[in-house]
Every structure is written in C-alpha cells, then in structure tokens.
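Report on the structure given below.
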Amino acid sequence: IVMSSQNAMEAGWKAFDDNKNRYWLCENMTNAAYKPLRQYAYEYHRLGIDMMSTKQEEGRAAITKSLEYLQQMYSQRPNLLSIQVINDTKRGEWKSIYTEGTQQEKTKAVNLLREIDPAHASEYEEILTNRK
C-alpha cells in the first residue's frame, strides 16, 4: 500500500512529508526491528481482549504480558510514532481493564504503563485507587 501510494497526491504517504504520518505508521508495523510491536498487538487483542469475554483474569494477565513487549520497544525507541499512537488510543481502555483485578496485577500494570507513557503517569495512578 505504501509503495503504491508514493505517487499519490494526498499528503502523508511519503517518508519526507512528515515524521508523523501514514508512511511511518506502516513502516513501524512492518520493520523487522519492531517485532515487539506486532507481538504486543497480537497478544493484546487475540490473547487478551478476546479472552476477556469469557475469562477476565486470563485475559487481563495476557494483556499485562503484552505490555511487556511495548515496554521493550519503548526502552529501545521511546519516540516511535506507533508507541505514541498506541498510548493515545489505548489509554482509556487500559484504565478500564485494570479497574478490576488484584492489587498485585494493578501495580504491575501501572508500573509498566507509567514507563511506556510517562507523560500520563498520574492518570494510571487512578487504577490503584479504583477511580475511573
């Protein structure tokens, strides 16, 4: 898609248009160096969210594990566009997921989330106090 869109008139498909555009999102998801992003996406959605409909505890555990992939990627490339997009789109969902669960589970999740998304660390603290 990206290759065929290089000649498109619409902005956002070329690497040099900006560093925050469709080109870079696609590049982040296909770059072999960013495999932890794909692992996060699979485990978060398939093993976590899908599981939560029948087994909430197992689903939440898989989601917590998936956050470790995101943490790994963040430690290597903290300014990666895909991580910023994931943080912005999942922040509310993460808070909702962890309002339930054990205190140990919440603490582990909050520690991971504070590291992955330090600009919003105070919002994740709400998980520990059970505020939505």
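What follows is calculated from the coordinates using simple rules that are stated; it is not laboratory data. In this text the structure is predicted, and so the values were computed from the model without any measurement. Cβ atoms come from the backbone with ideal geometry, glycine included; neighbour counts cover every protein chain shown.
Taken about its Cα centre, the range 32-132 carries a charge dipole of about 160 debye when Lys and Arg each add +1 at the Cβ and Asp and Glu each add -1 at the Cβ. Centre-to-centre, using Cα atoms only, the range 32-57 and the range 68-132 are separated by 15 Å. At the listed q of 0.14, 0.18, 0.24 Å⁻¹, the Debye profile of the range 36-132, built from one uniform point per Cα, gives log10 I(q)/I(0) equal to -0.45, -0.76, -1.35.
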